[in-house]
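Structure first, commentary second.
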Amino acid sequence: MAVRSARKSQDSKSEILKAALEVVKRSGAPSLTIDAVAEESGFSKGGVLYNFPTKDALITGMVEFLAGQFEGEIATAREKHLSSQCPTLSAMIDVTEGWLRAHKDVAQAMLATKVDRPDLSKPFMEVKTRLKAAIAEETTEMGKACAIWASLEGLHFSEAHCVTIFTEEERREVFKQLRLCLQKDKNRD
């Protein structure tokens, strides 16, 4: 019974977090209120507050949820790239490309929120530390791997800061070139 109750509680939290992300995606960070999340999620305001007692707790939960989702998507994508020279980095290219399309609005909203809450970087920094360790185990060319990763970060941050100058076609070409860099390494072996 306790396991079922814990699973139901986790499902409720996930549904609330998904609703909060939808509010942010649709209307921006300033629109994130407990009332808006309650309306979007179908939970009562008390139900949202039971799971996330403050707006700060909700925001923290959202960032942790996104970090977990990002890491999970990389783990899934990594399975497609096991024959690659660097499966983790190959997966990161795929996932980053998808996230730039699907989560751009959320990244911009989270950036605005982070000004008041520098601790919000922690969940993503923990994920990135694990990814870096995995990449280090997979490649002998860490400099090249870091250059590819820095390109991914640059694309992500230029979108989050609303200063990207690349068209969609140019961005697709960047991802294509990053994939080619990894293939060239594999072809050398």
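Structure data summary
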read-out: Counted residues, the stretch 117-135 - those being more than 22 Å from Glu97 (Cβ to Cβ) and in contact with a helix residue (DSSP H, G or I) (Cβ under 6 Å, 6 or more places away or on another chain); value: 1
read-out: Residues of the stretch 31-51 satisfying the condition of being free of Cβ contacts under 8 Å to residues at least 40 places away in the same chain and either acidic (Asp, Glu) or not in a helix (DSSP H, G or I) (or both); value: Thr33, Asp35, Glu39, Glu40, Gly42, Phe43, Ser44
read-out: Helices (runs of 4 or more DSSP H) wholly inside the stretch 52-133 that include at least 3 residues being at pLDDT 95 or above and under 21 Å from Arg26 (Cβ atoms); value: none
read-out: Pair list, Cβ < 6 Å and 6+ apart or interchain, from the stretch 59-71 residues that are more than 19 Å from Ile34 (Cβ to Cβ) to residues that are open to solvent by less than 40 Å² (accessible area, probe 1.4 Å) and not hydrophobic (A, V, I, L, M, F, W, C); value: Ala67/Pro123
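This table checks each residue for (1) over 18 Å from Glu138 (Cβ atoms); (2) of a type in the set (A, V, I, L, M, F, W, C).
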site	(1), (2)
Ala77	no, yes
Cys86	no, yes
Leu89	no, yes
Gly98	yes, no
Ala102	yes, yes
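The values are calculated or read from the model by the stated rules, or taken from the named source; none is laboratory data. Since we're looking at a predicted model, the values are computed, not measured. Neighbour counts are summed over all protein chains in view; Cβ atoms, including those assigned to glycine, are modelled from backbone coordinates with ideal geometry. To get the accessible areas, we keep the full protein, side chains included, count just its heavy atoms, and leave off ligands, DNA and RNA. Shrake-Rupley method; radii C 1.70, N 1.55, O 1.52, S 1.80 Å.
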